[in-house]
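Each remark here refers to the structure printed beneath this line.
The values are calculated or read from the model by the stated rules, or taken from the named source; none is laboratory data. Note that the structure is a prediction, hence the values are computed from the model and not measured. Quick reminder, even Gly has a Cβ in these numbers, built from the backbone with ideal geometry, and neighbours come from all protein chains shown. All accessible areas refer to the heavy atoms of the entire protein, side chains included, with ligands and DNA or RNA removed. Shrake-Rupley method; radii C 1.70, N 1.55, O 1.52, S 1.80 Å.
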Amino acid sequence: MKIRGERECQECGTRWSYYETGSVVCPDCGSMRSVGLDDPTEHTAGNAQLDLTEIRGLVDDQPLADVAEAAAERCREYVRQSGFVSGGELRPLDDTYLAAAELRLAGEEVARAMRVSDDEEYYFLELLRGADAGERPPADAVPESMRTVRGLAYARAVDAYRSDLRRYLDDNPDETVGSLLATLRDHQKRIEALDGDVSPRSAGELVYIVRAIGRALADDDETALVEAQRRLEEFEVDL
């Protein structure tokens, strides 16, 4: 949505940036009576921080299913509050968002499973260990039974980022990028239709492409745009 980033409190006159606080409430006096001072700017980014320390502390004392449910809920809230356009500036699709999207689905899978194999438990715990630092298991460490988790998580992350790229294009039109995003959406939708049951390599390649498109837009990087075009033309979903 478009918002006015610079705000002024009508009670005490304090000025602040909505982009920094994420709130229209005055940081000095707490008044909700404030007005925007600048022109409306596209803004989807929140101020959410992912901290899984408390949930990691439950691993030795709580059933795995309960830990998984708590992790999924924490990541669900983080993903919901996240966005990629901050005050009209485009942010990258970062590793923490990707890891949170994957841990959310992995946690849901583990929480509802009747039985969890050692490989599945290790995969989940590795995500829990490093997701808030943007760390996740490499593609070849994803258990076959959990590859749908990575495929679907990455497809959803690509969709969220593609949606914000579209918003960014409203103020920064680029016909070439618009065409690439349409093709990207077709591939992303196909992976979602398969419930994410594709190779981790295919899912990761789609992330690479959308990130390259983001770099092309944010940094006016012609090399990144050409790379995105080439890899999108060559992209095939590997089942």
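Remarks
- Scanning segment 219-239 for residues that are assigned to a helix (DSSP H, G or I) and surrounded by fewer than 18 Cβ atoms within 10 Å (Cβ to Cβ) gives D219, E222, T223, V226, E227, R230, R231, E233, E234.
- Qualifying positions in segment 119-149 - part of a helix (DSSP H, G or I) and within 13 Å of the chain's Cα centre (by Cα): A131, D132
- Close pairs from segment 96-114: first free of Cβ contacts under 8 Å to residues at least 60 places away in the same chain, partner assigned to a loop (DSSP other than H, G, I, E, B), Cβ under 7 Å, at least 6 apart: T96/L50; T96/G134; A99/G134; A99/E135; A99/R136; A100/L50; E102/R136; V110/V116
- Residue ID - nearest to the chain's Cα centre (by Cα), chosen from residues in segment 72-118 that are among the β-branched types (V, I, T) and more than 30 Å from E6 (Cα to Cα): V110
- Boolean, V116 is within 19 Å of E73 (Cβ to Cβ), outside any helix (DSSP H, G or I) and at pLDDT 95 or above: yes
- Applying the criterion of being assigned to a helix (DSSP H, G or I) and of a type in the set (D, E, K, R) to the residues of segment 76-106, the residue that is surrounded by the most Cβ atoms within 10 Å (Cβ to Cβ) is E102.
- Residue within segment 45-60 that is in contact (Cβ under 8 Å) with a residue 40 or more places away in the chain, crowded, with 20+ Cβ neighbours inside 10 Å and over 27 Å from Q188 (Cα atoms) present: yes
- Any hit, segment 109-119, residues being within 21 Å of V158 (Cβ to Cβ) and surrounded by 15 or more Cβ atoms within 10 Å (Cβ to Cβ): yes
- Subset of segment 41-55 (residues that are at pLDDT 75 or above and within 20 Å of G88 (Cβ to Cβ)): T44, A45, G46, N47, A48
- Segment 186-214: number of residues that are buried (at least 18 other Cβ atoms within 10 Å of the Cβ) and either at positive phi or basic (K, R) (or both): 2
- Within segment 128-177, the set of residues being free of Cβ contacts under 8 Å to residues at least 12 places away in the same chain and either open to solvent by less than 70 Å² (accessible area, probe 1.4 Å) or closer than 30 Å to D60 by Cα (or both) comprises P138, E144, S163.
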